[in-house]
Amino acid sequence: MAHIPNLKTRYINEIIPALTEKFSYGTIMQVPRLAKIVINSGVGQAVADKKLIDVAQDELSNIAGQKAVQTVSTKDISNFKLRRAMPIGVKVTLRRDKMFEFMERLINVALPRIRDFNGISSKFDGKGNYTLGITEQIIFPEIDIDKISRIMGLEITFVTTARTDEEGLALLKELGLPFKK
């Protein structure tokens, strides 16, 4: 039998009924859900040192549990010594069970490891999606602190099917993201 993440079963059994009651949806198909999680890291120093992209790709693959892909520049910018199709970042898109497993690890393991952590801000994009910026990749236990060459930041985007920011905030709060009061 296949493994079902705890967060997914909690979403089906507890969160869908709670959101249906709160927003009085007619059917459970109207209840917002988490569509995907995109983890992205820009490596601006990769213009000078090509090995940094490979290191960032390996680290992001370890964090996400899925192979990360390189992102390339779309145009030339001479001030930054940047040429078209030069690798400048890495990203990974998580869906289905891997998405729920990553979110569980983020909430229960990684975020509590941030020093002086008192919640995340609740600024949404106007369409129910939320982006969380993390300044250090070392908060994830998959990263060995002794082997890293430089501290890199990450951007984690939670893409939901919510139509408003209020619905998106309610969904992510129910899933367990620790927003500031």
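General remarks:
- The HN-Hα couplings worked out from phi for region 110-124 by the Karplus form 6.51 cos²θ - 1.76 cosθ + 1.60 (θ = phi - 60°) are 6, 4, x, 7, 6, 5, 6, 7, 9, x, 10, 6, 10, 9, 9 Hz, whole numbers, x standing for Gly and Pro.
- Candidates 38, 90, 55, ranked by Gaussian network fluctuation over the chain, Cα under 10 Å, top entry: 55
- Tilt relative to the chain, helix 51-64 - C-alpha long axis, 0 to 90 degrees, to 10: 20 degrees
- Computed from point charges on the beta carbon alone (+1 for Lys and Arg, -1 for Asp and Glu), the dipole magnitude for the chain about its Cα centre is near 440 Debye.
- Among the lysines of region 1-136, pairs at least eight places apart or on separate chains and with Cα atoms under 20 Å apart come to 19.
- Taking the accessible area of region 119-174, probe 1.4 Å, and keeping the other protein chains in place, the carbon and sulfur fraction comes to 46%.
- Accessible area per residue for region 6-135 is 60 Å², calculated with a 1.4 Å probe on protein heavy atoms, without ligands, DNA or RNA.
- Percentage relative contact order, the chain, counting C-alpha pairs under 8 Å, at least six apart: 28 percent
- Sequentially through region 146-159, phi angles give Karplus couplings (6.51, -1.76, 1.60; θ = phi - 60°) of 5, 9, 7, 9, 8, 7, 10, x, 10, 10, 10, 10, 9, 9 Hz, Gly and Pro residues having no value and appearing as x.
- Gyration tensor over alpha-carbon atoms, region 104-181, equivalent ellipsoid semi-axes in Å: 26, 13, 10
- Taking amide H as placed 1.01 Å from N in the peptide plane, residue 73 has its amide H under 5 Å from the amide H of 85, 86, 88, each at least 5 places away in sequence or on another chain.
- Relative counts (whole %) of C-alpha pair distances in region 26-133, using bins that are 10 Å wide: 12, 33, 33, 18, 3, 1
- Computed from backbone phi with θ = phi - 60° and the Karplus coefficients 6.51, -1.76 and 1.60, the 3J(HN,Hα) list for region 85-98 is 6, 8, x, 10, x, 9, 8, 8, 10, 10, 9, 6, 5, 4 Hz; x is used for glycine and proline.
- Relative contact order computed over region 49-121 (Cα-Cα under 8 Å; 6+ residues apart), in percent: 25 percent
- Entry for semi-axes √(5λ) of the Cα gyration tensor in Å (calculated from the structure that is shown) out of (i) 28, 20, 14; (ii) 40, 20, 14; (iii) 32, 18, 15: (iii)
The values are calculated or read from the model by the stated rules, or taken from the named source; none is laboratory data. Because the structure is predicted, anything quoted here is derived from the model rather than measured. Cβ coordinates were reconstructed from backbone atoms using ideal geometry, including for glycine residues, and neighbour counts include every protein chain displayed. The area values use the complete protein model at the heavy-atom level, side chains included, leaving out ligands, DNA and RNA. Shrake-Rupley method; radii C 1.70, N 1.55, O 1.52, S 1.80 Å.
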